[in-house]
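Colleague: I'd like to ask some things about the structure below.
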Amino acid sequence: MAEKAKFQAIKGVRDILPPESALWNRVEQAAREVFGTFGFAEIRLPILEHVELFARSIGEETDVVSKEMYRFEDYESPDLDAQRKTLSLRHPSVERPFEVRFFAHNVDVLTTMMEDGLKTGQIPKTPENRILVLELRSTFYDFSKTFAPPDYKGVQNRLDSYVKHFQETALAVMLGDQLTLRPEATASVVRAYIEHGMQVLPGNVKLYYMGPMFRRERPQKGRYRQFYQIGAEVLGSSDAPGIDAEVIEMLMRLFERLKLKGAVLSLNSIGDKNCRPAYVEKLRAELQKVREQLGADCQRRIETNPLRVLDSKLEHEQPIIEKLPRIAENLCADCRAHYDEVKRQLGLRGIAYKENWRLVRGLDYYMRTTFEITATGLGSQNAVCGGGRYDGLVELLGGPATTKGIGFAIGTDRLILSLQEAGEGAAPGGPAGKADGPDVYLAWFGAAAQVAAIGLARRLRDAGFVVELPAVEMKFGKSLGLADRLKALHAVIVGDDELAAGIVTVKRLSDGTQQKLSEQELFSYLGVV
Ligand code: AMP
């Protein structure tokens, strides 16, 4: 056990070390290749976005937006912030006129700075900001009349209420943009799609991404605060069920290729704006009748989002939920036809699925098709992938109303966990792929041998071998000992004798067999073992 380090990674985030990182690379590479064959191209997205992007798309009421985002105000004006803080430094007293004068001076300076900031764009030119700064200026005029030097005749409580008002108004001014680490990437893909006018591109726009997401959740196995997703989205004017089925097919091909164990596809349709609102009301009405039997979370969801009640894992709620009205029986004709065709299209592709009427997904923007894939070895956090259709999202974020969308996000951490549990550990090291260690440990002895070794290492690496070249000269025994501990396949030894003879000594470390070879012989020897 290593000594406790002074600095440790913060709660819910972690380092991914070798050899596990090799497995990550293998998974990501497989995704690139499989998605590529379906005509998807990579989009690289920023990790920072405006809070508003997610508030608008995911929904203000969701846990992700209301509690879990890592958000901050991004301002370029530390001097403004410092000036604002001076208003809270010392509460002025009418007994000490200089304090009142100093406070007034600070308010005046701050207001002027904010007025300038609004003009130059140093602080955001929002209507709220304009009103707040005007308010500061007009209150300052009032205040100056009331507390005019040299006569500070105002009473203390009058002064107190001015001070409070100045402090609160100044604090409400947004000095910069409200930014957040992204909690997911679908909204970012849609933002980029709109921002770059991708609707003019021919056919469907098919994009994939991979990278870290951030949510302040309670960490546990398979749930982290910085976690990774590999996702894909199809954006375009068509909502043909064949698109839904092909996206799912692509996922299943990837999981097959990675040999993911026990992958089960769950499928549902949650209707659209024509039929879902009526269903939600029906659900709410039924839930009201059983309110007393539900836990606190579900009681709250009756008001905020009744669909989320269906997500509940609480044992005592299960029999109650089983009796609730089901969305499948409440779909409008269009949604029913769409859902039936998705299922038929999956059948054409030989993809097995399990219908799950309770699969509603946590994010507000989903409609019609929703799906989830679970795998073995993950305990309670067994969903490795979630996805669905979100036809209204592009319009909601200011894009063309005709653009439809569908996509998914794989939880890479969980996918990797499941592969590890099933014994699909790290990929073997080195391009030759034969062992954990280097192909060649190149032991050199003497200054002239080092020169030769540097050249030989370069030629071996160019040929794709993994070469470990000691940076400093070591004693023979120590050097070969290190080769063993690094689990090298071969030690190649270059000393004065070898140099003089124009050869190298090659030792196979698994059995100690040793031979003397020319460089050309060495390459063919390494090539065939
Ligand atoms: P979502 O973006 O919530 O639809 O999640 C899609 C997938 O991302 C889930 O099925 C999980 O595999 C994964 N995921 C979501 N949240 C976390 C988390 N906090 N830690 C690890 N994986 C997560």
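The values are calculated or read from the model by the stated rules, or taken from the named source; none is laboratory data. None of these values were measured; they are calculated from a predicted model. Positions of Cβ are backbone-derived with ideal geometry, glycine not excepted, and every protein chain shown enters the neighbour counts.
Colleague: Condition first: among the basic types (K, R) and within 16 Å of the ligand (Cβ to nearest atom). Can you find one or more residues in segment 396-416 that meet it? Spell out how you get there, then give the answer.
Modeller: Residues of segment 396-416 that are among the basic types (K, R), as a first pass: 404, 414.
Subsequent filtering for residues that are within 16 Å of the ligand (Cβ to nearest atom) retains 414.
Within segment 396-416, one or more residues are among the basic types (K, R) and within 16 Å of the ligand (Cβ to nearest atom).
Colleague: Can you tell which of K313, K343 is over 30 Å from E246 (Cβ atoms) and of a type in the set (K, R)? Steps first, answer last, please.
Modeller: On the way: K343 fails: over 30 Å from E246 (Cβ atoms).
Within the list K313, K343, the selection yields K313.
Colleague: Which condition number does M210 fail, the rest of (1) under 21 Å from the mean Cα position of the chain (by Cα); (2) at pLDDT below 95 being met?
Modeller: It fails just one condition, (2).
Colleague: Here is a follow-up. With V451, V504, V440 as the choices, which residue is at pLDDT 95 or above and under 19 Å from P19 (Cα atoms)? Don't jump to the end; show me each part of the working.
Modeller: Details: V451 fails: under 19 Å from P19 (Cα atoms); V504 fails: under 19 Å from P19 (Cα atoms).
Of the residues listed, the single one that is at pLDDT 95 or above and under 19 Å from P19 (Cα atoms) is V440.
Colleague: Just to verify a result, which residue in segment 377-408, among those that are in contact with a strand residue (DSSP E or B) (Cβ under 9 Å, 6 or more places away or on another chain) and more than 23 Å from A41 (Cβ to Cβ), is modelled with the highest pLDDT?
Modeller: V384
Colleague: Where residues in segment 478-528 are out of contact with any Asp or Glu (no Cβ under 9 Å at 6 or more places or on another chain) and assigned to a loop (DSSP other than H, G, I, E, B), which of them is surrounded by the most Cβ atoms within 10 Å (Cβ to Cβ)?
Modeller: Ranking the qualifying residues of segment 478-528, first place goes to G495.
Colleague: Which pairs turn up if I take residues in segment 14-41 that are outside any helix (DSSP H, G or I) and look for partners that are among the small types (G, A, S) with beta carbon separation below 7 Å, at least 6 apart in sequence or on another chain?
Modeller: The qualifying pairs are D15/A9; P19/A426; P19/G429; F40/A232.
Listed here are the residues, each with its yes/no results for (1) touching a Ser or Thr at 6+ places or on another chain (Cβ under 6 Å); (2) assigned to a strand (DSSP E or B); (3) more than 29 Å from E68 (Cα to Cα).
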| site | (1), (2), (3) |
| --- | --- |
| Y209 | no, yes, no |
| G242 | no, no, yes |
| V247 | no, no, no |
| L254 | no, no, yes |
| G262 | yes, no, yes |
| L267 | no, yes, no |
| N274 | no, no, yes |
| E281 | no, no, no |
| Q288 | no, no, no |
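Colleague: Inspect segment 27-41 for any residue being among the β-branched types (V, I, T) and crowded, with 16+ Cβ neighbours inside 10 Å and give the result as yes or no. Give the steps one after another, and end with the answer.
Modeller: Going residue by residue through segment 27-41, those that are among the β-branched types (V, I, T) are 27, 34, 37.
Among the residues that remain, those that are also crowded, with 16+ Cβ neighbours inside 10 Å are: 27, 34.
Yes: segment 27-41 contains one or more residues that are among the β-branched types (V, I, T) and crowded, with 16+ Cβ neighbours inside 10 Å.
Colleague: Are there any pairs, at least 6 apart or on different chains, whose C-beta atoms fall under 8 Å, with the first in segment 444-455 and surrounded by fewer than 19 Cβ atoms within 10 Å (Cβ to Cβ) and the second of a type in the set (D, E), and if so, which?
Modeller: Between residues of segment 444-455 that are surrounded by fewer than 19 Cβ atoms within 10 Å (Cβ to Cβ) and residues that are of a type in the set (D, E), the close pairs are G446/E473; G446/D496; A448/D496; Q450/E473.
Colleague: So P202 clears everything in (1) within 27 Å of the chain's Cα centre (by Cα); (2) over 16 Å from F54 (Cβ atoms) except one condition, right? Which one?
Modeller: If we test P202 against (1) within 27 Å of the chain's Cα centre (by Cα); (2) over 16 Å from F54 (Cβ atoms), just (1) comes out false.
Colleague: Please state which one of Q199, Q178 is among the polar types (S, T, N, Q), within 25 Å of V394 (Cβ to Cβ) and in a helix (DSSP H, G or I).
Modeller: Values: Q178 fails: in a helix (DSSP H, G or I).
Of Q199, Q178, the one residue that is among the polar types (S, T, N, Q), within 25 Å of V394 (Cβ to Cβ) and in a helix (DSSP H, G or I) is Q199.
Colleague: With the condition kept exactly as written, say whether any residue in segment 118-126 is exposed (fewer than 12 other Cβ atoms within 10 Å of the Cβ), of a type in the set (A, V, I, L, M) and in a loop (DSSP other than H, G, I, E, B).
Modeller: No: zero hits.
Colleague: Please indicate, with yes or no, whether at least one residue in segment 215-222 is more than 16 Å from the ligand (Cβ to nearest atom) and out of contact with any helix residue (DSSP H, G or I) (no Cβ under 8 Å at 6 or more places or on another chain). Please lay out each step first, then the result.
Modeller: Keep residues of segment 215-222 that are more than 16 Å from the ligand (Cβ to nearest atom), which gives none.
Among the residues of segment 215-222, not one is more than 16 Å from the ligand (Cβ to nearest atom) and out of contact with any helix residue (DSSP H, G or I) (no Cβ under 8 Å at 6 or more places or on another chain), which makes the answer no.
Colleague: Still on this model: Across segment 338-389, what is the total count of residues that are small (G, A, S) and assigned to a loop (DSSP other than H, G, I, E, B)?
Modeller: So the answer is 7.
Colleague: Next question. Hey, can you tell me all the residues within segment 173-187 that are surrounded by fewer than 21 Cβ atoms within 10 Å (Cβ to Cβ) and of a type in the set (G, A, S)?
Modeller: G176, the sole residue that qualifies.
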